[in-house]
1. Quote to one decimal, in nm, the extra length available between residue 115 and residue 208 on full extension: 0.36 nm per residue of separation minus the C-alpha distance between them.
2. If you bin the C-alpha pair distances of the chain every 5 Å from 0, what whole percents do you get?
3. Roughly speaking, what is the stretch gain from residue 124 to residue 34, that is 0.36 nm per residue apart minus the C-alpha to C-alpha distance, in nm to one decimal?
4. Under the rule a/c < 1.5 gives rounded, and otherwise a/b versus b/c splits prolate from oblate, where does the range 72-149 land using the Cα gyration tensor?
5. Most mobile of 98, 169, 197 per a Gaussian network model of the chain (Cα springs, under 10 Å)?
6. Any idea how far apart residue 69 and residue 173 come out in nm if each label point goes 7 Å out from Cα toward Cβ?
7. Is the range 168-235 rounded, prolate or oblate when judged by the Cα gyration tensor, a ≥ b ≥ c being the square roots of its eigenvalues, rounded requiring a/c under 1.5 and prolate requiring a/b larger than b/c?
8. Could you tell me the center-to-center distance, by alpha carbons, between the range 50-79 and the range 186-234 in angstrom?
């Protein structure tokens, strides 16, 4: 399983009327990522009121030093009746430049290996009986599975906005533009029944719009929802090793 979402080329951030242009590849004024593990339930609420299970997601965030630089590793594991899919993203901790992306999509029978060198992207897709290799020149961009994580690093506050160029690399390669906005605050109820103050963020517009909630403390990703003709998709946090309330 792979989220077809991505982030920025040269995003324009608007806070209280001020717009800053941040160029990918330069040191960015981001919050630090805290090493952690979290788990999420992914499911659909159908128009007839029934619930359809999608997957149980476990994600791990850690930091290593590679060639003298701090590198973030972002691992996502999706488990359901079809098996377990994995993807792993490696990116520079200061610039968010992508370094590598690896996936093992057992449910669809292929693996991806993607290496980034500036605007040069080398993609290898392995099936049981064949291998496909591609080299492409693309704008400097971030990795698709990182959107939830990247939003948590931004200076979220009410009225904050960003627009950005998005890229999904690999087998399902495509590019598009989207936006995010902090529209207000909500208080969510966690699985242990505690109350958690959150920022409410919208991502995208029209039928592709998602609503996302981040804790005000430590800006941890808590929940995502989007609606289409199929119903309402929900991704809900079950636990996080970081103390939230």
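Please treat every number below as a calculation from the coordinates, not as lab data. Here the structure is a predicted model, which means the values were calculated and not measured. Every residue, glycine among them, receives a Cβ derived from its backbone with ideal geometry; neighbour counts consider all protein chains shown.
1. Working: separation 93, 0.36 × 93 = 33.48 nm, distance 2.86 nm.
Full-extension gain reported as 30.6 nm.
2. All Cα pairs considered, the percentages come to 1, 6, 13, 17, 20, 19, 14, 7, 3, 1, 0.
3. Answer, rounded to one decimal: 29.3 nm.
4. Verdict is oblate for the range 72-149.
5. The residue that fluctuates most here is 197.
6. 2.2 nm
7. Prolate, since a/c reaches 1.5 and a/b exceeds b/c.
8. 19 Å
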